[in-house]
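No value in this document is a laboratory result; all are computed from the given coordinates. Values in this document were obtained by computation on a predicted structure and should not be read as measured data. All Cβ positions, even for glycine, are placed from backbone atoms using ideal geometry, and neighbour counts span all protein chains on display.
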Amino acid sequence: MMFDNMFHEITAILLAAAGLGIIGLVLRQPLIVSLLAAGILIGPSGFGLIRSHDQIELLAHIGIALLLFVVGLKLDLHLIRTTGKVALATGLGQVLFTSVFGFVIALGLGLAVVEAVYVAVALTFSSTIIIVKLLSDKREIDSLHGRIAIGFLIIQDIVVVLVMIGLTALGGRSGGQENVVLHVLWVLGAGVAFLAGIALMTRYVLPALLKYLARSQELLVLFAVVWAISLATLGDALGFSKEVGAFLGGVSLASTPYREALSTRLVSLRDFLLIFFFIDLGARLNLALLGAQVGNAAVFSLFVLIGNPLIVLVIMGYLGYRKRTGFLAGLTVAQISEFSLILGALGLSLGHITMETMGLITLVGLLTIGISTYLILYSGPLYQLLSPWLQPFERKVPYQETTLDSTDTVPATDIILIGLGNYGGGIALRLLQRKRQLVGVDFDPAVLDAWQKQGLPVFYGDVGDPELLEHLPLGRARLVVSTVRDRNLNLNLKKNLQAQGYAGKLVLTARHEEEARDFLTAGADIVLRPFFDAAEQAADYLAAALYVFTESVDWPVGLRIFRLEADSLFAGSLIGAIPLRRETGVSIIAVTRGKKTFFDPDSHMPLYPGDRLVLSGEPEKLAQAEAFLALSRLAEEEAVEERFSIAEIPLAFESPLVGRSLADTRFRETFGVTVIGIRRDGRRLAAPTGKEILQAGDGLIVAGKSEVIKSLQSKAPI
């Protein structure tokens, strides 16, 4: 079917792209694969729907320019510095290895020298866009292997830009050697002038101009697009290519405070326009030519899928990283990228390669991108399968990662806290304030460094790594707490702890109630629900605020809500016994407990842990009042856990309690503890009522003061 109206044609193209995109989503494939397939489907090899090649090609060029602009905009040289020599060594080492051996393989398969060079270079580049997306989806972007991968992908991006500059300078020129030399000198001179002009604009013009334009977000984004396209055009006129000019345009704005806002807003436009590049590329492919390249494409694909990860493993192992880190980072280079296709398109336009070679590069791209996506998504199980064969790639002492640990300073440990992000870090801070002994575990080196500077013993590790537990002091820990919010990872942690013979308690973190039930069923002792708990606390705050925070008055007084912690010196005290007003001049004008707010409480009202106190006083005095109420009793008394505990007391078969109800036994008055559960024939009876009849062999779950429970245990069974 042919379209006379270009608008109708574009509509059909987008419908085909969206439809195949949905199929790709089901198959968990990147959109690039679906777009290339859409191009083949609606191109001459398929239904032949495309007639407006020039218009689609124009949109494709704009999309490529914006792609390079956003890459330059996000160029984070600090990341390269922080990942150190591993990013440079791995990035450059992989590029050198792949290009040299890829060139040898290409010559062996019968390609001409120039085409072999293009194919070899195309094999070296991996897709930053795809890798960042996959790592972000797996929440591994801040892990050690994620940071290293992003570091050497940036190195690759820089290399590909330099290659494009060189190819454009040498390409498409006829004449003798003298003309070529003159042209190269001209390009170098123009390049220096181009860079100098951009540097002057970046230093003296762009900061003030962007600050003025930032008054309108729409105008700021429009300027960024104009700046990218203008420098792309200027770069093309000077002989560099549009891509190089756009890339330098992005670099010129990378140091401004507007880089994140611009990159965020331009990503959608970039992705939309890139649709036309990949569709145009797919439409130009001849399936007959692709069929002839299947054998060669299979050879190159195996080389990329196996060779690239292996060289990364070798380099990172030599530099002192663990085999798991090297393996996971290596999988990120097991494909070629959109830059490889752009490089091939550039070589095709310059007349350096034929359409057959372009088809070969594209077919390798389709195969490697499709397969590597699954390799990265299932990297955990794949590592467990291959781990025994990866030992040669790890030094006896992987010093680069052991330096992230502070195992030599670990004291007697109460708690192992896995995950030191926002939620886990808050828990760690509160536990340290309560004088608890703990060690922290995280996969983000920056987070570990920050906590280590605060004196917290830390271990580098990923909860998905089955070897992590071998390095942790499990034998000294009473609690293992995971703040990781991933169902499969938490369930695997439970299994791995059992395999290690861990005898303490396990605390897991759930995202919702269904997940919490799954964890409890699997055997977790406690389940944390950060979203539910935070929502409940926020509702309490807001409910109190509806009644407390009324219209403002012309009076130097402020209001603040303070949560009384369990370890506060004043938890359990009467309001009248707390010298808050005498010490700070601040009054307690309301107390929120559960879902009820008590206004103007009298001096005989006791305060309990978890109460929210509405404080009133001069603004500068409120902070003093909070500090006063937060005074800890742990310095004077034992921790709450030591004064109050839970235990199981067996009921003897001949016990006089057998056959009586809990209410009849007057258990609390008789023994000084409360029955909170019963274990009977393998079943658990939670919160039994007073009517529950005790049976011979019952295990009574009791709660009370530690010394009372110890006395009761010494007499067990009762």
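On a straight-distance basis, which lysines could pair with LYS715 in a cross-link, Cα separation under 27 angstrom, same-chain partners fewer than 8 positions away excluded?
LYS505, LYS691, LYS705
Please list the non-local residues whose amide H lies under 5 Å from the amide H of VAL458, H modeled 1.01 Å from N, same-chain partners needing a gap of 5 or more.
SER406, GLY440
Could you please rank ILE32, ILE158, placing first whichever residue has the fewest other Cβ atoms within 10 Å of its Cβ?
ILE158, ILE32
Straight-line reach only, C-alpha to C-alpha below 29 angstrom: list the lysines that LYS323 could link to, leaving out same-chain residues fewer than 8 apart.
LYS85, LYS133, LYS138, LYS396, LYS453, LYS494, LYS495
Order of GLU243, GLU356, GLU115, GLU620 from fewest to most other C-beta atoms within 10 Å?
By the 10 Å Cβ count, ascending: GLU620, GLU356, GLU115, GLU243.
Order these by the 10 Å Cβ neighbour count, fewest first: SER661, SER45, SER337.
Listing SER661, SER45, SER337 from fewest to most nearby Cβ atoms yields SER661, SER45, SER337.
The range 322-395 to the range 588-632: how many Å between their Cα centroids?
The two parts, judged by their Cα centres, are 60 Å apart.
Non-local amide H neighbours of PHE598 (under 5 Å, H modeled in plane, Pro and chain starts lacking H): which ones?
VAL591, THR592, ARG593
Using a cut-off of 12 Å between beta-carbons, work out the net charge of the residues near GLY690 (Lys and Arg +1, Asp and Glu -1, GLY690 not included).
So the environment of GLY690 carries a net charge of +2.
What ³J(HN,Hα) values, in whole Hz, does the Karplus curve 6.51 cos²θ - 1.76 cosθ + 1.60 give for the range 648-661 when θ = phi - 60°, with x put for Gly and Pro?
With coefficients 6.51, -1.76 and 1.60, one gets 10, 10, x, 9, 5, 5, 9, 5, x, 7, 5, x, 9, 7 Hz.
When the C-alpha atoms of the range 404-528 are aligned to their principal axes, what extent does each axis show, in angstrom, from largest down?
On the principal axes, the range 404-528 reaches 38, 28, 25 Å in Cα extent.
Return the long-range amide H neighbours of GLN500 (sequence gap of 5 or more, or a different chain), with a cut-off of under 5 Å between placed amide H atoms.
For GLN500, no residues qualify.
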